[in-house]
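K.L.:
Please see the structure below; I have some questions.
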Amino acid sequence: VARSLTGMADVPAVMQAAVLGQPGQITVQEKRTPEIASDEVLVKVACASLCGTDQKILSQKFFPGGKPPSPAYTPGHEYAGTVVRLGSSVKEFRVGDRVVTEAHRGCMRCPNCLNGHYTECLNFGDTDVGHRGLGMTVDGGFAQYVANPVSTLTLLPDDVPFDDAVTLTTAGTVLHAYGTLEQPLAGSSVAVLGLGPIGLLAVQVARALGAGRILAAGRRDVRLKLASRYGADEVINLAAAGAATDLTAAAERLAGPHGFDSVLECAGSESTTQAALSLAKRGGEVVLVGFYDGPVTVDLNRAVMNAVQIHSVRGEGSGSVRRAVALAETGKLSGREMITHRVPLADITEAFRILTDRSQGAVKVMIDVAGEVPAE
Ligand SMILES: [Zn+2]
Ligand SMILES: [Zn+2]
């Protein structure tokens, strides 16, 4: 970032930004560079990644009432970049700081926010009282510039590259999910079902936090390989013939006859939710992390009769992106290998197509907004 004598980088009045059109349509247009409030900074986006939620945002099913929150709406909730402008009250950051974002800023006045649970803000989506869901309820990071409230940003250490950093938003969700467990993760047995980016990071974080035996189950070879590399003791291909038998046998090998201490459901499907309930030990814990496409039917008696506790989380919460960055800084967490595709902002429609078309083998699709991320 070029710095002027006043310490402020030169920021153009207009920028390129992806904008939702009709459901399923997104185009890159010129838009005014956002203004910042006193408690916000302007972030020049280096790169941003697509996640499953973005597909629901593109189809616009994500939005209550089926309509984006504003005209010329810009999505994107996983991004990293450089601070180029400071609001008048900002003392947390300086121009030139490298930062990674998290999506949620609570209203900081409802009972849940006051309890520290800002991702469960009771004023979700109400921008008038201060809630912000970057890339969800207000403009996000599929653009050259974004206005970020300071509480949504974490300073990046020099040795954490931008493309690694972008995956740390997702790792924050995983840390938040493990935070719901009542029993300590260290030394415990963990099963992770569903190996999208969240599941893959869940394997890595479980390893980093000292879990004992880790089972990972997913449906695609490229992801199963990554799960092994990230520390899973055994991986099961749920798409293979005899998967159910394989899963039961692996569970017995890793967790013994009574089942796992904890199971993370990261697929958002009926069969993996049922498997999660079956794999948990009596008194074990299940965390529902994946979003479902619709209602599912599972045998909840399996939970009730065995006192299996069911938790759920949405988003990063409890400052967990900060903790994910600290794990990345010490080399215990890295999402870079999950990035299978890099696409310039101008080709964002193609980026969505790659993510949707399963034959492309996409894990994480990165939008190289600034054109600065070196290809590897
Ligand atoms: Zn997401
Ligand atoms: Zn709130």
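The values are calculated or read from the model by the stated rules, or taken from the named source; none is laboratory data. Here the structure is a predicted model, which means the values were calculated and not measured. No Cβ is skipped: glycine too gets one built from the backbone with ideal geometry, and neighbour counts run over all protein chains shown. Side chains included, ligands, DNA and RNA excluded: accessible areas come from the protein's heavy atoms. Shrake-Rupley method; radii C 1.70, N 1.55, O 1.52, S 1.80 Å.
K.L.:
Mind ordering 231-237, 354-360, 251-257 by average Cβ neighbours within 10 Å, highest first? Don't skip to the end; give the middle numbers.
P.N.:
Values: 231-237: 21.0, 354-360: 13.0, 251-257: 15.6.
Listed from highest to lowest mean packing, they are 231-237, 251-257, 354-360.
K.L.:
So how exposed is Met136, as accessible area in Å² (1.4 Å probe, rounded to 10)?
P.N.:
Around 20 Å² of this residue is reachable by solvent.
K.L.:
Any idea what Rg and Dmax come out to for the range 232-301 if you just take the C-alpha atoms, in Å?
P.N.:
Computed over the Cα atoms of the range 232-301, radius of gyration and Dmax are 12.0, 33 Å.
K.L.:
Then there is this: For a label point 7 angstrom out from the Cα of Thr127 toward its Cβ, which stretches of the range 16-49 have the backbone nitrogen within less than 18 Å?
P.N.:
Residues 16-21, 29-43 qualify, since their backbone N sits under 18 Å from the label point.
K.L.:
Could I ask something else about it? Using Stokes-Einstein with the Kirkwood hydrodynamic radius over Cα pairs, what translational diffusion coefficient do you get for the chain at 10 °C and a viscosity of 1.306 mPa s, in µm²/s rounded to a whole number? Walk me through the intermediate numbers first.
P.N.:
Values: Rh = 21.2 Å.
Translational D for this selection: 75 µm²/s.
K.L.:
Right, another one. Taking the Cβ of Gln274 as the centre, find all other residues whose Cβ is under 10 Å away and add up their charges (Lys, Arg: +1; Asp, Glu: -1).
P.N.:
Numbers: positive: Arg302; negative: Glu265, Glu270, Asp299.
Net local charge, Gln274 excluded: -2.
K.L.:
Separate question: Length gain on complete extension for the stretch Arg229 to Ala326, per 0.36 nm per residue less the alpha carbon to alpha carbon distance? Please report the intermediate quantities before stating the final value.
P.N.:
Working: separation 97, 0.36 × 97 = 34.92 nm, distance 2.06 nm.
Fully extending the segment from Arg229 to Ala326 adds 32.9 nm.
K.L.:
Right, here's the next one. With bins 10 Å wide starting at 0, give me the P(r) of the range 1-119 over every alpha carbon pair, in whole percents.
P.N.:
Each 10 Å bin holds this share of Cα pairs: 12, 34, 36, 17, 1.
K.L.:
If you fit an axis through the alpha-carbon atoms of helix 197-208 and take the longest principal axis of the Cα set of the chain, what angle between them do you get, 0 to 90°, nearest 10?
P.N.:
Here the helix axis deviates by roughly 70 degrees.
K.L.:
Another question, if that's okay. Express in Å², to the nearest 10, the accessible area of Asp39 obtained by rolling a 1.4 Å probe over the protein heavy atoms while all chains stay in place.
P.N.:
Around 50 Å² of this residue is reachable by solvent.
K.L.:
Still on this structure: Sorted by accessible area (1.4 Å probe), largest first, how do His341, His131 line up?
P.N.:
Details: His341 35, His131 0 Å².
Ranked list, largest accessible area first: His341, His131.
K.L.:
Using every pair of alpha-carbon atoms in the range 81-232, split the distances into 10 Å bins beginning at 0 and state the percent of pairs per bin, rounded to integers.
P.N.:
Spelled out bin by bin, the range 81-232 gives 10, 31, 32, 22, 5, 0 percent.
K.L.:
Over the alpha carbons of the range 11-63, what is the largest minus smallest coordinate on each principal axis, giving the biggest first in Å?
P.N.:
32, 22, 20
K.L.:
Can you tell me the 0 to 90 degree angle between the C-alpha axis of helix 270-279 and the longest principal axis of the chain, rounded to 10?
P.N.:
50
K.L.:
If you take every residue apart from Gln204 with its C-beta less than 13 Å away from the C-beta of Gln204, what net charge results, scoring Lys and Arg +1 and Asp and Glu -1? Numbers along the way, then the final one.
P.N.:
Values: positive: Arg207, Arg223, Arg229, Lys332, Arg336; negative: Asp164, Glu337.
Result for the neighbourhood of Gln204: +3.
K.L.:
Using Cα centres only, tell me the gap between the range 174-211 and the range 296-349 in whole Å.
P.N.:
Here the two parts' Cα centres lie 9 Å apart.
K.L.:
Still on this structure: Once you treat every alpha carbon in the range 258-376 as an equal point and sum by Debye, what is log10 I(q)/I(0) at q = 0.15 Å⁻¹?
P.N.:
So the normalised log intensities are -0.92.
K.L.:
Report the percentage of all Cα-Cα pairs in the range 203-331 whose separation exceeds 27 Å, rounded to a whole percent. Write out the running numbers ahead of the final one.
P.N.:
Details: 1550 of 8256 pairs.
Of the Cα pairs, 19 percent sit more than 27 Å apart.
K.L.:
Shifting gears a bit: Between Met338, Gln360, Ala267, whose Cα lies farthest towards the positive end of the dipole of the range 265-376 when Lys and Arg beta carbons carry +1 and Asp and Glu beta carbons carry -1, centred on the Cα centre?
P.N.:
Value: Ala267.
K.L.:
Let me know the whole percent of all Cα-Cα pairs from the range 280-323 that are separated by more than 14 Å.
P.N.:
Working: 581 of 946 pairs.
It works out to 61 percent of all Cα pairs.
K.L.:
Which whole-number value in Å³ per residue fits the convex hull of the alpha carbons of the range 168-229?
P.N.:
Numbers: hull volume 4.5 nm³, N = 62.
Value for the range 168-229: 72 Å³ per residue.
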